[in-house]
Amino acid sequence: MGYMKAKSTLNPTLKTSPRTFRSFLFALIFLSILLPGMNLGRALQSEDAHAATLPLDDLMIPILAYHKIDLDAPTEWYVSVEQFTRQMDVLLSYGYQTINLDDFLNYRAGLEQPPEKPIIITFDDGFQGLYQYARPILLERQMTATFFLITSKIAETEAERQSNDWQTGEPLAYHMIWPEVQQLYQDGFTIGSHTQTHPALNKISLEEAEIEITQSRLDIQAHLPGDPVNFFAYPYGAGSDDSAIRGLVQQAGYQAAVQYGPDDGLASLLTADIWALPRRAILKDVSLVLNPNDPWWFFMRRVDPEFPLPNVGIHHLEVEDVWQTNRTKFYPDEQVNLGVHVSNWDSPADVRGSLTLSSPEGVLYRSQEDPSLQEPVISSLPSGANTGVFTYTWSTPAITVTTPISYVLTVRDPTGFLTYFTSTSASAISIQPAPLSITHSPQDITLVDGSVGEVVFTVNADQPAIQMYLTVSLSQGLDVDLTHSNPSGAWQVIPIGSMIKSRECTTPCIESTDLAAEIDIPEYGSGEMSFTLGLRRLPGAGDDEWMRYRLTMRIPTAVSPYWYQRDPRSGITDQQDYFAYQVPVLPPFKIYFPVIFKW
Ligand SMILES: [Zn+2]
């Protein structure tokens, strides 16, 4: 943190009296008007590093005022460690660079060029939590800050550590001790005074005020050899508008002072009153979650009153399958494309959408945890209705989810730190097995040698896009002819392959005699289709011949097209084709289809 240390050494130029200093500034402003286009700053700097230059543009610099940082935030004066961490991260992600009050004065004097987006962080009252929690968070991010101490509350040793008994209504909290303050100082942080005992300076006598202001500065300097203490913070902001009190602060040797508030105040680099620099309070309720109806509490509005805020709402949801057909019912393990259309009723802004899908049993999908997905970002979402869409591809779980599935959309900034909108939970889709029923007719069949009987299998499916395979197993005394019929005419029937009739089985016959046909339903819809099977008795057949069948259904839109199938006699599923889960087919297939022979 050596760079901070260097910056905290005030340049001797600033020790001229304020009046002389101000005339010098005016002269420079005058010069810069006379010499338009000339980079006065750089030209002078290259010749003499100590010569003052002026920033060509004014900067409005936010000065944030914190009090307590702790694990929890029991009162408004606290900011939780988690919140504080996120606040620092969001500042960095938006390009802010923390500077010290010394830097502020140096930039103001034209001694250094300010960074593009400077920000000043300050802490009042010197609580231990600042050392414990804020310090490591700041150090880790190479950020700097100023700590204003109530010197009578800073003890020499751990055994003497002081509590906040001066605060009414606040939970017990402890102050830092001098070794901790010295560590902060060595880290490169700025230490300032917040009086000895934290009085409202306009409520005590000027004599008492002088002691509070002067003695606290000497207390700190006695413990921090080296740099003078240059900055003062008025307790409660009281007295910052009182010329006598301001005079005491100046006489005591400070270089600038901060007030508390106003919350909409930014410090103008060129024109701010350096004896009452405005600070914006960061309290517990200052949030990274936007309430569009009350942006006052939004953190980024504390930092930048012009920060553009969208006011996002959901316009509608579009759910479709891989064929871009809108549906709301899906099979297990199917690919679903969800498009959440959004509107924006405020400033255009870059927005990122996080989607969560859940059933009453729990979360099924969270886009933020999807490593395959870069969460969709809309650049500069325009104002107006339905001006942008976040799209997600989701594979339905490989299980039947009988409860309704709802979705919640959270709209954030592209960094993910700021939350602009969270939708209420709304019903989205359901995941169901493909409803399917199959019947055959007649229930029993009677054949004599050489005769052919017809068996009609009727399939009802009210879900789209399925392919059917009918597999028939026969004992040795039977043979079949498969014909296809499509009485409704609604579906295309595509025979594939040829009948496979093998006779490898011996009694008892194993299922090696299969007969297959594929019925492809290319369009969505519901209806009926049927297979007609010609069943023929071979000469010399015995009296215990039998036939059984199974139906296999394929879902082409599934991520891994899979098969439903069921052995109608045994009910045992074929593990190889039947992927990892069972889908009930209603009603169950008839278990056994006996063939009765008539002699
Ligand atoms: Zn205070």
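Quick test for you: out of Leu283, Leu288, pick the one residue that is under 30 Å from Tyr420 (Cβ atoms) and in contact with a His (Cβ under 9 Å, 6 or more places away or on another chain).
Leu283
Checking each residue in the range 246-260 for being in contact with a strand residue (DSSP E or B) (Cβ under 9 Å, 6 or more places away or on another chain) and free of Cβ contacts under 8 Å to residues at least 60 places away in the same chain picks out Arg246, Val249, Ala252, Ala257, Gln259. Residues of the range 137-159 that are within 16 Å of the ligand (Cβ to nearest atom), within 17 Å of Lys68 (Cα to Cα) and part of a helix (DSSP H, G or I): Thr151, Lys153. Within the range 182-208, the set of residues being within 16 Å of the ligand (Cβ to nearest atom) and closer than 13 Å to Leu130 by Cα comprises Ile191 only.
For first residues located in the range 126-154 and at positive phi, partners that are within 12 Å of the ligand (Cβ to nearest atom) and lie 6+ apart or on another chain with Cβ distances below 8 Å form the pairs Gly126/Phe147; Gly126/Phe148; Gly126/Leu149; Gly126/Ile150; Gly126/Lys153; Gly126/His175; Gly126/His194.
The set of residues from the range 390-399 being assigned to a strand (DSSP E or B) and surrounded by fewer than 18 Cβ atoms within 10 Å (Cβ to Cβ) comprises Thr391, Thr393, Ser395. In this structure, is Arg301 among the basic types (Lys, Arg) and in contact (Cβ under 8 Å) with a residue 60 or more places away in the chain? For Arg301, the condition - among the basic types (Lys, Arg) and in contact (Cβ under 8 Å) with a residue 60 or more places away in the chain - is not met.
If you filter the range 237-248 down to residues that are within 16 Å of the ligand (Cβ to nearest atom) and buried (at least 19 other Cβ atoms within 10 Å of the Cβ), you find that the one that is farthest from Arg280 (Cα to Cα) is Ile245.
Filtering the range 73-83 for residues that are within 16 Å of the ligand (Cβ to nearest atom) and part of a strand (DSSP E or B) leaves a non-empty set.
Restricting Ile121, Ile154 to those that are aliphatic (A, V, I, L, M), over 28 Å from the mean Cα position of the chain (by Cα) and closer than 18 Å to Val181 by Cβ reduces the list to Ile154. When the residues of the range 146-168 are filtered to those that are of a type in the set (Ser, Thr, Tyr) and surrounded by fewer than 11 Cβ atoms within 10 Å (Cβ to Cβ), the one that is modelled with the lowest pLDDT is Thr168. Looking across the range 209-236 at every residue that is assigned to a helix (DSSP H, G or I) and among the small types (Gly, Ala, Ser), the one that is nearest to the ligand (Cβ to nearest atom) is identified as Ser216.
Scan the range 249-262 for residues that are surrounded by fewer than 21 Cβ atoms within 10 Å (Cβ to Cβ) and more than 16 Å from the ligand (Cβ to nearest atom) and jot them down. Scanning the range 249-262 gives Gln250, Gln251, Ala252, Gly253, Pro262. Restricting attention to the range 277-296, report how many residues are more than 25 Å from Asp70 (Cβ to Cβ), in a loop (DSSP other than H, G, I, E, B) and without any contact (Cβ under 8 Å) to a residue 40 or more places away in the chain. The total comes to 2. Considering the range 103-119, the residues that are of a type outside the set (Phe, Trp, Tyr) and surrounded by 24 or more Cβ atoms within 10 Å (Cβ to Cβ) include one that is nearest to the ligand (Cβ to nearest atom), namely Arg108.
The single residue among Ala244, Ala257 that is modelled with pLDDT of 95 or more and within 14 Å of His194 (Cα to Cα) turns out to be Ala257.
Quick one: which strands (runs of 3 or more DSSP E) lie wholly within the range 302-388 and hold at least 2 residues that are buried (at least 21 other Cβ atoms within 10 Å of the Cβ), modelled with pLDDT of 90 or more and at negative phi?
335-344, 349-359, 377-381
The values are calculated or read from the model by the stated rules, or taken from the named source; none is laboratory data. Note that the structure is a prediction, hence the values are computed from the model and not measured. We place every Cβ from the backbone using ideal geometry, glycine too, and count neighbours over all the protein chains shown.
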